[in-house]
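The values are calculated or read from the model by the stated rules, or taken from the named source; none is laboratory data. Computed from a predicted structure; not experimentally measured. Using ideal geometry, Cβ is built from the backbone for each residue, glycine included, and neighbour counts are taken over all protein chains shown. Only protein heavy atoms, including side chains, enter the accessible area calculation; ligands, DNA and RNA are left aside. Shrake-Rupley method; radii C 1.70, N 1.55, O 1.52, S 1.80 Å.
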Amino acid sequence: MRNRNHINQICALLEKHQSNKKTELSYRTNFELLISVILSAQATDVSVNKATKELFKIANTPKKIIELGELGLKKYIKTIGLYNAKSKNIIACCKKIIADFNNKVPKNREDLESLPGVGRKTANVVLNVAFGEPTVAVDTHVYRVSRRIGLSNGNTPLKVENDLMNIIPKQYLHDIHHLLIYHGRYICIARKPKCNDCYLAKMCPSVNEG
């Protein structure tokens, strides 16, 4: 992994060139955010936003989604991958939010991860975006980019998360997973990274390796 000076330079460049430090998921409430993040597993933000645009017009609270039922919910999210499992989990998640958390999205990891359909990555996104926690959600982009540019050599998302939590300077920690996501989504793409257009190329040990 890089020394502290290199890490600072990488973070500064990411922040300079990535103006958007927010999720691209469309939401208005913490509950809408939670549902959107659950739906985003193995799906694009664009596809999730397209589905939730219509879903949230009809049902944007736990009670209203429960009233839809699994079949009703599937009609809105059938274009999203794993929609059968997600429908089941979301209904169960809504029931638990009402029963155990006074109809509110919980603010801590343990409670969030107790919700059906919510794993560590989803919990990290909600903690970061909804509640301002300096968490790092490691999705496929964060995992790939962190390893390529030498921020981590971890071979699991949790190891990459722990590396980033330990080495990223405090002033960048809250935004780092957004910065890495956008870099991976638009420049350091999976199959043919755009190394010629990359502002990190001179510092990247994987440049032009693909």
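Quick look at the values:
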item	result
Scan of the stretch 15-66 for residues that are under 20 Å from residue 81 (Cα atoms) and in contact (Cβ under 8 Å) with a residue 60 or more places away in the chain, ordered by number	23, 33, 34, 37, 38, 41
Odd one out for residue 207 among (1) in contact with a helix residue (DSSP H, G or I) (Cβ under 8 Å, 6 or more places away or on another chain); (2) at pLDDT below 95; (3) more than 21 Å from residue 13 (Cβ to Cβ)	(3)
Residue that is surrounded by the fewest Cβ atoms within 10 Å (Cβ to Cβ), among those in the stretch 74-111 that are touching a residue at least 40 places away in the same chain (Cβ under 8 Å) and part of a helix (DSSP H, G or I)	89
Close pairs (7 angstrom Cβ cut-off, 6 or more residues apart or separate chains): of a type in the set (Asp, Glu) in the stretch 156-173, open to solvent by 50 Å² or more (accessible area, probe 1.4 Å) and at pLDDT below 95 anywhere	163/1
Selection within the stretch 130-145 - open to solvent by less than 40 Å² (accessible area, probe 1.4 Å) and among the hydrophobic types (A, V, I, L, M, F, W, C)	130, 136, 137, 138, 142, 145
Candidates 159, 194, 121, filtered to the one that is of a type in the set (D, E, K, R), under 17 Å from the mean Cα position of the chain (by Cα) and within 23 Å of residue 20 (Cα to Cα)	121
Complete set of residues in the stretch 114-136 that are among the hydroxyl-bearing types (Ser, Thr, Tyr) and not in a helix (DSSP H, G or I)	114, 135
Odd one out for residue 26 among (1) in a helix (DSSP H, G or I); (2) within 26 Å of residue 133 (Cβ to Cβ); (3) open to solvent by 40 Å² or more (accessible area, probe 1.4 Å)	(1)
Answer residue from the stretch 146-204, given it is surrounded by 20 or more Cβ atoms within 10 Å (Cβ to Cβ) and touching a Pro at 6+ places or on another chain (Cβ under 8 Å) and is nearest to residue 10 (Cα to Cα) among those	149
Odd one out for residue 122 among (1) under 30 Å from residue 156 (Cα atoms); (2) surrounded by fewer than 17 Cβ atoms within 10 Å (Cβ to Cβ)	(2)
